[in-house]
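The values are calculated or read from the model by the stated rules, or taken from the named source; none is laboratory data. For clarity, every value in this text was computed on a predicted model and none was experimentally measured. Heads up, the Cβs are rebuilt from the backbone with ideal geometry, glycines too, and the neighbour counts pull from every protein chain shown.
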Amino acid sequence: MTPRLQGKQAIITGAGRGIGKAIARKFLSEGARIVICDIVHERVATAARELDEMGEVAALAGDVSQPAFCDELVQYAVDKLGSLNVLVNNAGIALFAPFLEQSEADWDRTMAVNLKSMFLLGQRAARVMIAQGLGGAIVNMASTNGLMGERDLAAYNASKGGVVLLTKTMAIELAPYDIRVNCVAPGSIRTDLASDGGVGETFIQDYLRKIPMRRHGTVDEVANLFAYLASDEASYITGDAVVIDGGQIAEE
Ligand SMILES: NC(=O)c1ccc[n+]([C@@H]2O[C@H](COP(=O)([O-])OP(=O)(O)OC[C@H]3O[C@@H](n4cnc5c(N)ncnc54)[C@H](O)[C@@H]3O)[C@@H](O)[C@H]2O)c1
């Protein structure tokens, strides 16, 4: 069987660890050639070294909320890979605080990293794809928190809700160029995101009460969905927000 991403050239953001790194691993295993980025230099360099034996991977460190870095990243990918068929906008942060105490700085940073970056990179990648005339796929990272509210995450929820509607609008406007745009909305996936954002292990374990399947999702389960949406098997899917959450929002 031909690997489902054979012949695809992809950018994956926030791929130094967590879900992004799993997406990079899955894409390589499906035959894609990839450029990965992360804001933490050492993290992305280590990930690239680890993934190198699986296929062609190049790495660039930088902040996806910065327009100059987005220019650099897309140009770097075109130079390294020769063309660009897929953009995975995965990088994101989650800063937990009650609404009444959340700082303006945290709000601004969350919007810049989680939402503005997807506008900036989506625009730049789409321009390259349109110039190539070969179509393409963009898969954005949303969250179930973009579809429903959850306490202590006002900025995060608003940013992910924005990702869902940015995705739909991009899908409508880029359809004439055969560029599909979808987003993935995971529920609770075991990574370092929540603990880095200020949440303890008790909260993470208690969270299982909300999930009919009574377990957290794995990074590989989410990566499988990204690979599918990026592949030609999903050729008639665009403008969708695909939920992967063990049944959580079906019950809530
Ligand atoms: N873990 C979950 O339960 C979950 C659920 C739904 C959605 N998500 C989303 O999945 C994505 C990945 O989350 P994760 O759980 O793997 O978290 P993670 O913290 O393990 O990985 C995120 C990576 O993105 C990088 N990053 C952060 N800001 C960046 C920036 N400005 N520029 C470039 N890279 C940056 C980080 O350094 C990190 O390596 C995020 O968008 C997150 O909101 C996660």
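Things worth noting here:
- Pick from region 57-86, criterion away from the ligand (no atom under 16 Å from the Cβ) and in contact (Cβ under 8 Å) with a residue 24 or more places away in the chain, ranking: nearest to the chain's Cα centre (by Cα): 86
- Within this structure, residue 232 passes the test of being of a type in the set (Asp, Glu) and modelled with pLDDT of 95 or more.
- Only a single criterion out of (1) at pLDDT 95 or above; (2) outside any helix (DSSP H, G or I); (3) not charged (D, E, K, R) is not satisfied by residue 224, namely (2).
- Restricting attention to region 116-159, the residues that are over 19 Å from the mean Cα position of the chain (by Cα), assigned to a helix (DSSP H, G or I) and among the small types (Gly, Ala, Ser) add up to 2.
- Filtered by the rule that a residue be of a type in the set (D, E, K, R), more than 13 Å from the ligand (Cβ to nearest atom), surrounded by 16 or more Cβ atoms within 10 Å (Cβ to Cβ) and part of a helix (DSSP H, G or I), region 9-56 gives a lone residue, 26.
- Scan of region 168-206 for residues that are more than 13 Å from the ligand (Cβ to nearest atom), of a type in the set (Ser, Thr, Tyr) and touching a residue at least 24 places away in the same chain (Cβ under 8 Å), ordered by number: 177
- Region 208-220 residues that are free of Cβ contacts under 8 Å to residues at least 24 places away in the same chain, paired with ones that are near the ligand (Cβ under 10 Å from one of its atoms) and not hydroxyl-bearing (Ser, Thr, Tyr) (beta carbon under 6 Å, 6 or more apart): none
- Residues of region 47-84 satisfying the condition of being under 29 Å from residue 159 (Cα atoms) and among the β-branched types (Val, Ile, Thr): 64, 74, 78
- Flag if residue 4 is touching a residue at least 12 places away in the same chain (Cβ under 8 Å), more than 13 Å from the ligand (Cβ to nearest atom) and buried (at least 21 other Cβ atoms within 10 Å of the Cβ): no
- In region 181-195, of all residues being within 15 Å of the chain's Cα centre (by Cα) and not in a loop (DSSP other than H, G, I, E, B), the one that is surrounded by the most Cβ atoms within 10 Å (Cβ to Cβ) corresponds to 181.
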